[in-house]
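Structure first, commentary second.
The values are calculated or read from the model by the stated rules, or taken from the named source; none is laboratory data. Fair warning: this is a prediction, and the values are worked out from it, not measured in the lab. All Cβ positions, glycine included, derive from the backbone under ideal geometry; neighbour counts span all protein chains shown.
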Amino acid sequence: MTDVINIVDAFTDDYFNVNIPDVSITDLIEVIIIAYFIYHLLVWIKDSRAWILIRGVIFIMLFFIIAAIFQMNTILWLGEKLVTVAVTMLIVVFQPELRRVLEQIGRRKITSLFFLNALKGKTKRFEDGTISAMVTACYEMGAVKTGALIVVENDMQLTEFERTGISLDALVTRQLLINIFEKNTPLHDGAVIVRGDRVVSATCYLPLSDNMGLSKDLGTRHRAAVGISEVSDSLTIVVSEETGKVSYAKEGRIVRDVKEDELIEELKRLQNPEDEEEQGVSFEKEGKI
């Protein structure tokens, strides 16, 4: 292989006066790693509020470039003194986005980075009966306009939110969910947390999203669903008390008024870890607020 590279290098150097630099396997790996991180950085900028902030930074930079062209020394002196402060300000301003990126990196399994998932047997997070019970209960409650908020736990345990509610530890059934969210009952207010095939806690308090891009007609229940999805990898099902429509929130986004088969498909992705990793990109493309 080295001889072939040397021949090609000599040919291009003799006939085209072009010297091809030596490229090793390590160089190729470095290029791939850098391209990977640049790609995900651009995706992060596109999918977050970072792009709006970056446009503001670009505008300020252009202002100082103009000041340099016209020799506005006082402005340049002020800019030089503010550089250190500006870096700290950027870290503070981007703190929510940076935190979310680091959380997403932390949620990734190390084995997935080395493509070892194929060597493991497929394990379901919960049984098909649990999916059927949750979906049936949600659409039955939607038909009579009973509000509901069901948080389905993923890899990240929701212990801190579980403690804000009342411990249940009961098998997920259609009847149980309907009874919990029945109006004027002690457990109807707040969210339930589902771990595996069991309801572990009810009347849980969830953080409200401060995303200004959310529709103004969304109530507290929907904002709580988006809020918990911003700080965890859970899937949250929402039944609107006003319209009876069923929605779900995931990765800081909410998909509204979903059909029964759509909700089943999304729960099956969560049920099977391998399928969820393979199909996670599709939610980013199709998710809508």
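The table below lists the values:
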quantity: Residues of region 253-269 satisfying the condition of being crowded, with 20+ Cβ neighbours inside 10 Å and in contact (Cβ under 8 Å) with a residue 40 or more places away in the chain; calculated: ILE254, LEU263, LEU267
quantity: Residue, modelled with the lowest pLDDT, within region 182-223, restricted to residues that are crowded, with 22+ Cβ neighbours inside 10 Å and more than 27 Å from LYS124 (Cα to Cα); calculated: SER209
quantity: Subset of region 149-175 (residues that are in a loop (DSSP other than H, G, I, E, B) and either modelled with pLDDT under 90 or not hydroxyl-bearing (Ser, Thr, Tyr) (or both)); calculated: GLU153, ASN154, ASP155, MET156, GLN157, LEU158, ARG163, GLY165, VAL172
quantity: Count of region 183-233 residues which are among the charged types (D, E, K, R), within 27 Å of GLN271 (Cα to Cα) and not in a strand (DSSP E or B); calculated: 6
quantity: The one condition in (1) part of a helix (DSSP H, G or I); (2) basic (Lys, Arg); (3) at pLDDT below 75; (4) over 21 Å from the mean Cα position of the chain (by Cα) that ARG100 fails to fulfil; calculated: (4)
quantity: Residue match in region 156-172 (condition: exposed (fewer than 14 other Cβ atoms within 10 Å of the Cβ) and in contact (Cβ under 8 Å) with a residue 60 or more places away in the chain); calculated: yes
quantity: Odd one out for GLU140, checked against (1) farther than 18 Å from GLU266 by Cβ; (2) under 19 Å from the mean Cα position of the chain (by Cα); calculated: (2)
quantity: Any hit, region 239-250, residues being among the aliphatic types (A, V, I, L, M), in contact (Cβ under 8 Å) with a residue 40 or more places away in the chain, under 21 Å from ILE180 (Cα atoms) and assigned to a loop (DSSP other than H, G, I, E, B); calculated: no
quantity: Residue among ILE29, ILE25 that alone is at pLDDT 85 or above, closer than 30 Å to ILE54 by Cβ and either among the hydrophobic types (A, V, I, L, M, F, W, C) or surrounded by 10 or more Cβ atoms within 10 Å (Cβ to Cβ) (or both); calculated: ILE29
quantity: Output for region 155-170, where each listed residue is of a type outside the set (A, V, I, L, M, F, W, C) and out of contact with any Gly (no Cβ under 9 Å at 6 or more places or on another chain); calculated: ASP155, GLN157, THR159, GLU160, GLU162, ARG163, SER167, ASP169
